[in-house]
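Reviewing the structure listed below.
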2 protein chains.
Amino acid sequence: MTREMHPQRWGDARRAGPLPATTQALVDHAFGSRPAPTVEEVVLPAPGLPEDLLVALREVVGTAHVHTDDATRRLRTRGKSTPDLLRARSGDLSDAPDAVVRPGSHEEVVAVLAWAQRHHVVVVPFGGGTSVTGGLVATREGYAGLVSLDLLRLDRLLEVDTTSMTATLQAGVRGPDAEAALAAHGLTLGHFPQSFEHASIGGFAATRSSGQNSAGFGRFDQMVVGLRAATPVGEIVAGSAPANAAGPDLRQLLLGSEGTLGVITEVTVRVREAPAEQVHEAWRFDSFAAGQAAMRHLAQHQLLPTILRLSDETESALNLASQSDVGGDPAGGCLMVVGHEGAAVARRRAEVAEALTALGGTPLGEERGRHWYAGRFAAPYLRDSMLDAGVLVETLETATFWSGAERLRAEVTAALEAALGEGTLVLCHVSHVYETGCSLYFTVAARQGEDPLGRWLAAKAAASDAIVAAGATITHHHAVGTDHRPWLAREIGPVGVSILRAVKAAVDPDGILNPGVLVP
Amino acid sequence: MTREMHPQRWGDARRAGPLPATTQALVDHAFGSRPAPTVEEVVLPAPGLPEDLLVALREVVGTAHVHTDDATRRLRTRGKSTPDLLRARSGDLSDAPDAVVRPGSHEEVVAVLAWAQRHHVVVVPFGGGTSVTGGLVATREGYAGLVSLDLLRLDRLLEVDTTSMTATLQAGVRGPDAEAALAAHGLTLGHFPQSFEHASIGGFAATRSSGQNSAGFGRFDQMVVGLRAATPVGEIVAGSAPANAAGPDLRQLLLGSEGTLGVITEVTVRVREAPAEQVHEAWRFDSFAAGQAAMRHLAQHQLLPTILRLSDETESALNLASQSDVGGDPAGGCLMVVGHEGAAVARRRAEVAEALTALGGTPLGEERGRHWYAGRFAAPYLRDSMLDAGVLVETLETATFWSGAERLRAEVTAALEAALGEGTLVLCHVSHVYETGCSLYFTVAARQGEDPLGRWLAAKAAASDAIVAAGATITHHHAVGTDHRPWLAREIGPVGVSILRAVKAAVDPDGILNPGVLVP
């Protein structure tokens, strides 16, 4: 499988088939075909870096690793949010980098940063390119140019410590390659976000990614025990122990820093034995509230399975399962997916089943669980098919404490419906749970209308306002990028903003690292 | 029980009885009585704040809450490290604050900081006063004076959310008071460090404390879901969700900030149902290495009990149990304490027992476990008795990844023995474990000699050098204070130092908050 993604679509475009029948029926009456231009029809701006800068850059990494051709630059333009795709589909690739540079080592990353600082060139670190929040769309005004720092060649598993159960991976290793390299040692990382097939280890760290196995394995930031990063003022190596009391944890500053405070080049992660067994099953609950109460019970009684997801009534009813992670009609209720992986699966499964039954759940068997598992990385392909069919479709997510989840969901849903008008469909699921709260993940489908990008940006702003007003977080696992930046400022307040700016100024005094991203 | 501690000793001095027979035998041949002067014999420096500043301060919090008398200032002088105690016992209270100020609300803390900034007065936040790393010994050169900001009056449980299972406590609530307030709701925090009887919620957060139940409940920093802090440039409120991807986690900057970046006034913590059952038992392993391998197995197979501790051969052999948390002779091997609290204790106990037996452990029954439990907060009293008997005694701790634990222990032990000379006793135990590593806690006993303080500082420096040289952390749960500051700089490197300084400058531009502590 290719890890490279189509410049206007998700992943391997051949995997985006026609819409499933239910979805087709949903969109037929109101929407229309919106085919995108072919890739070659879209013209990129000419690369703008002066030749002498390119000569100097080639000296740093070698001529073979500096690319200014359209094909390579196209593949390193923006990420995969619906706004990113809409811009690309409308023929706008104005954010294309002037060059794509591929250093082959930590030392070459350091040298590229020195070059960029010397010439005041913007550096946009690029891992898998799966950002859905504008994390790859930096400001270039006032700079001599912009390069995409592609970590593709930092693709090695550097060290495995089977006593400590840690592994050190270079930042550019993609999800499946990391798992394959670890599998050779009988190990797994256990991090499976929807972007898994393309995204990179460095990207997981830089965005505080959270995977489908988070109930059992934790968030990616919980898996990280060490980080190495290059900054314009020197190297940071963080992680002298699993945990410590040696002041503020600097790992936690690099995690979620989205390429603005340094380029993460190596990540040391906790690993586990590859699962001996795994089982995925489905459950039905009468309502989203009943299902959430059951999730909450499991989380608060140390009964969490490896995977735990719950779709609301609408998402459960829509048979989108052939290309997505949602379910198929559970007779009017809500669908929960429960997965157990690792050791003692039978015992843990029985315990969880007993609790879920006591809380009103009905087992639906393994087939739906397997179905979810088989299609768990495919939802973004459905988005491409829907965009082709004239549907405006996008997702957004947040998290809050349990006692606020119901109100938060209602207010975000209302904001989206009000902004997008009649016929808008807002689905919600919970895919990450904690003892004290959970994430809420919304999928929105609406008419594209005359100005789909403008319609979405207005709706997203309304939803983000509702999220911040409710005291929830602007992002549970998609990161801040450029899209969430104004709301981040409201979430962390002026002192929080001044802290981020101070750290930024300390490690990147000339502001060459992903300017415009994250830091308000 | 009083939460106030004796100015030269730990806690309630009446609880420090005579030495147990084994220990007495150990010290009789080499050491001699070193009684401390009575409290009243030690003269404090006169309070140095000009009267007009005191008048202004009284206007902020009320006359009743500004104290300049010797008795109050004495109780707010330094912490409880052996160097702190040795200085106090030698009649040196030169670090006494000029005044002790007790604000009654977050707003009054803000007002005190404004007063301090206006007059360039050092503010040393004071919770329980249990620091063992010089966290209460700030620099005063170049300032108009130094006040102890005593959080005693911020003593309320503000909110309990039994849906989210969170509680918001003011920073000055002491450990037992927090547990009592939560017990009224059927809840527990589950944080029981050795300082529990005196230390405060704000102090736990500011130092990244770790408790005896950490295997089951996690470190204190893992329990914190929200923080409110006052800084000279404004308020920080952090914690919009259990976890998020909204950039670097600002909670993680305040956790471990030791009063240098702000005064934590409120902490929202995860709580759990009060344990329905609890059992504490002891196990014997042939060697420290075998016991550690068993701990590692439990941690890496999600089998951790609530409490898990392992003493090395020497610590196991010494019958210090009457006043400490160590064991009593397990016939030449190593003593492990295993505690199960909460629900399903019988099932979890059986699982852990099966694993420990398979790994070479021999059950020693519940009596020793109960004995440990009964004396678990008493070890510091033993230190006072030993200091009285002419023994130089202190503890230090670190953490590392499993594969480095053996070498780290050997090198720290060798450094301490070399520095302190013949007859020195170095004990070690593991009391906090993770999937990827563990803490190592050393107890050192040696002759006091002519210059006990100088002897200890040299030994501690040698041990700290060995820790940093091994790539381990300078502190797993005692924090940095002033004592670890030089080694913190080596642990986090120059870029890490510049980040801490930048954050400090952003939130405390005049450097009034605990100067000289933490930030290199």
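The values are calculated or read from the model by the stated rules, or taken from the named source; none is laboratory data. As the structure is a computational prediction, the values presented were derived from the model and not from experiment. Methodologically, a virtual Cβ is constructed for each residue, glycine included, from the backbone with ideal geometry; neighbour enumeration extends over all protein chains shown. Surface areas here come from the heavy atoms of the whole protein model, side chains and all, with no ligands, DNA or RNA. Shrake-Rupley method; radii C 1.70, N 1.55, O 1.52, S 1.80 Å.
List the residues of region B:250-271 whose backbone N lies under 16 Å from a point placed 7 Å from the Cα of B:H185 along the Cα-to-Cβ direction.
What the label zone holds, given the 16 Å backbone N cut-off, is B:266-271.
Let me confirm one metric for peptide B:399-412, namely the mean number of other chain beta-carbon atoms within 10 Å of its residues' beta-carbons. Could the numbers behind the result be given before it?
Numbers: counts 7, 5, 12, 7, 6, 4, 2, 1, 0, 1, 0, 0, 0, 0.
Mean partner shielding for this stretch: 3.
Treating cross-link reach as a plain straight distance, find the aspartates and glutamates whose alpha-carbon is under 14 Å from the alpha-carbon of B:K504, omitting any fewer than eight places away in the same chain.
Candidates past the 8-residue exclusion: B:E258.
Which far-off residues, 5 or more places away or on another chain, put their amide H under 5 Å from the one on A:R34, with H placed in the peptide plane?
Those lying under 5 Å, H to H, from A:R34 are A:A389, A:G390.
Can you tell me, using C-alpha contacts under 8 Å and at least 6 residues apart, the relative contact order of chain A as a whole percent?
Details: 1160 pairs, mean separation 87.0, N = 520.
Value for chain A: 17 percent.
Can you give me the C-alpha center-to-center distance between region B:277-312 and region A:488-515, rounded to a whole angstrom?
44 Å
When a/c reaches 1.5 or more, the comparison of a/b and b/c decides; with that in mind, is region B:64-150 rounded, prolate or oblate per its Cα gyration tensor? Please list the in-between numbers first.
Numbers: a/c = 1.87, a/b = 1.65, b/c = 1.13.
Prolate, because a/c is 1.5 or more and a/b exceeds b/c.
Once you sort the root eigenvalues of the Cα gyration tensor of region B:351-482 as a ≥ b ≥ c, which label holds: rounded (a/c under 1.5), prolate (a/b larger than b/c) or oblate (the other case)?
Values: a/c = 2.14, a/b = 1.34, b/c = 1.60.
Note, shape of region B:351-482 comes out oblate.
In straight Cα distance, which lysines are under 24 Å from B:K80, not counting same-chain residues fewer than 8 positions off?
B:K460
Helix B:51-61 versus the longest principal axis of chain B: what is the Cα-based angle in degrees, 0 to 90, to the nearest 10?
The angle comes out near 70 degrees.
If you take each beta carbon of peptide A:473-480 and count the beta carbons of other chains within 10 angstrom, what is the mean?
Details: counts 8, 6, 5, 7, 3, 2, 4, 4.
Across A:473-480, the average partner-chain Cβ count within 10 Å equals 5.
What does the helix-only formula give at 222 nm for chain B: each DSSP H stretch with n ≥ 4 adding -39500 (n - 2.57), the total divided by the residues, and the result rounded to the nearest 500 deg cm²/dmol?
Working: 18 runs with 185 residues, N = 520.
That calculation yields -10500 deg cm²/dmol at 222 nm.
For B:Q300, what is the net charge nearby, where nearby means another residue's Cβ is under 11 Å from its Cβ and Lys, Arg count +1, Asp, Glu -1? Numbers along the way, then the final one.
On the way: positive: A:R270, A:R272, B:R296; negative: A:E273, B:E435.
Overall, the nearby charge balance is +1.
Quick query: amide H of B:L518 versus all other amide H atoms, modeled in the peptide plane; which residues come in under 5 Å with a sequence gap of 5 or more or a different chain?
Amide H neighbours of B:L518, under 5 Å, 5+ apart: B:G481, B:T482.
With angles folded into 0 to 90 degrees, how steeply does helix A:345-358 sit against the dominant principal axis of chain A? Use alpha carbons for both and round to 10.
Once rounded, the angle reads 60 degrees.
With +1 on each Lys and Arg Cβ and -1 on each Asp and Glu Cβ, and nothing else charged, work out how big the dipole of the protein assembly as shown is about its Cα centre, in Debye to the nearest 20.
Numbers: 88 positive and 118 negative charges, 29 e Å.
So the magnitude is around 140 debye.
Which one, A:H198, A:G216, A:S240, projects farthest toward the positive side of the charge dipole computed for region A:101-260 from Cβ point charges (K/R +1, D/E -1)?
Toward the positive end, the furthest listed residue is A:H198.
Probe of 1.4 angstrom, ligands and nucleic acids ignored: what's the accessible area per residue over the protein assembly as shown, in square angstrom? Provide the component values of the computation, followed by the final result.
Values: 33620 Å² over 1040 residues.
Roughly 32 Å² per residue, with all protein chains present.
Can you tell me the dipole magnitude for chain A around its Cα centre, using point charges on the Cβ only (Lys, Arg +1; Asp, Glu -1), in Debye to the nearest 20? Don't skip to the answer; put the middle values down first.
Details: 44 positive and 59 negative charges, 75 e Å.
Dipole about the Cα centre, nearest 20: 360 debye.
Copy-to-copy spacing for A:A183, label 7 Å out on the Cα-to-C-beta vector, in nm, shortest first?
Label-point distances to the other copies, shortest first: 5.3 nm.
Below 8 Å, C-alpha to C-alpha, sequence gap of six or more: please give me the relative contact order for region A:92-249 in percent. Don't skip to the answer; put the middle values down first.
Numbers: 243 pairs, mean separation 30.0, N = 158.
Dividing the mean separation by the residue count of region A:92-249 yields 19 percent.
Pairs of alpha-carbon atoms within less than 8 angstrom and 6+ residues apart define the contacts here; what relative contact order does region A:1-136 have, in percent? Don't skip to the answer; put the middle values down first.
Working: 149 pairs, mean separation 40.7, N = 136.
Dividing the mean separation by the residue count of region A:1-136 yields 30 percent.
Hey, for B:V43 with labels 7 Å out along Cα-Cβ, what do the inter-copy distances come to in nm, ordered shortest first?
Inter-copy label distances (nm, one decimal, shortest first): 9.0.
Quick one: which residues, 5 or more positions from A:A99 or on another chain, have an amide H under 5 Å from its amide H? H modelled 1.01 Å from N in the peptide plane, none for Pro or chain starts.
Long-range HN contacts for A:A99: A:L146, A:S148.
Could you state how much accessible area is buried at the A-B interface, both sides summed, with a 1.4 Å probe, in Å² to the nearest 100? The partial results should precede the final answer.
Numbers: alone 19540 and 19520 Å², together 33620 Å².
Using a 1.4 Å probe, the pair buries roughly 5400 Å².
Evaluate 2.2 N^0.38 Å with N set to the residue count of the protein assembly as shown, then give the Cα radius of gyration divided by it. Don't skip to the answer; put the middle values down first.
Numbers: Rg = 29.4 Å, N = 1040, 2.2 N^0.38 = 30.8 Å.
Against the empirical 2.2 N^0.38 Å value, I get 0.95 for the protein assembly as shown.
So, with +1 on the Cβ of K and R and -1 on the Cβ of D and E, and no other charges, what is the size of the charge dipole of region A:272-430 about its Cα centre, to the nearest 20 debye? Walk me through the numbers on the way to the answer.
Working: 13 positive and 22 negative charges, 104 e Å.
The dipole of region A:272-430 has a size of about 500 debye.
What residues of region B:195-213 lose no less than 30 Å² of accessible area with every protein chain in place versus their chain by itself (probe 1.4 Å, heavy atoms only)?
B:R208
State, to one decimal in nm², a quarter of the convex hull surface area for the C-alpha atoms of chain A, i.e. the direction-averaged projected area.
On the way: hull surface 91.1 nm².
Hull-based average projected area comes out at 22.8 nm².
Of B:T400, B:W10, B:A378, which is farthest towards the positive pole of chain B's charge dipole, taken about the Cα centre with +1 and -1 on the beta-carbons of Lys, Arg and Asp, Glu respectively?
The Cα lying farthest towards the positive end belongs to B:T400.
Looking at the calculated P(r) for region B:56-213, what percent of the C-alpha pair distances fall above 19 Å?
Working: 7086 of 12403 pairs.
Of all Cα-Cα distances in region B:56-213, 57 percent exceed 19 Å.
Answer rounded, prolate or oblate for region B:25-121, using the Cα gyration tensor with square roots of eigenvalues a ≥ b ≥ c: rounded when a/c is under 1.5, else prolate when a/b is larger than b/c, else oblate.
Numbers: a/c = 3.32, a/b = 2.62, b/c = 1.27.
Prolate.
Spin-label point model (7 Å from Cα, Cβ direction): what's the B:S90 to A:A414 distance in nm?
Computed distance between label sites B:S90 and A:A414 equals 6.8 nm.
How far is helix B:452-469 tilted, in degrees, relative to the longest principal axis of the Cα atoms in chain B, given as a value from 0 to 90 rounded to the nearest 10?
In chain B, helix B:452-469 runs at an angle near 70 degrees to the longest axis.
Just to confirm the numbers: B:R58, label point 7 angstrom along the Cα-Cβ line, distances to the other copies in nm, shortest first?
The projected label point of B:R58 is separated from its counterparts by 7.9 nm.
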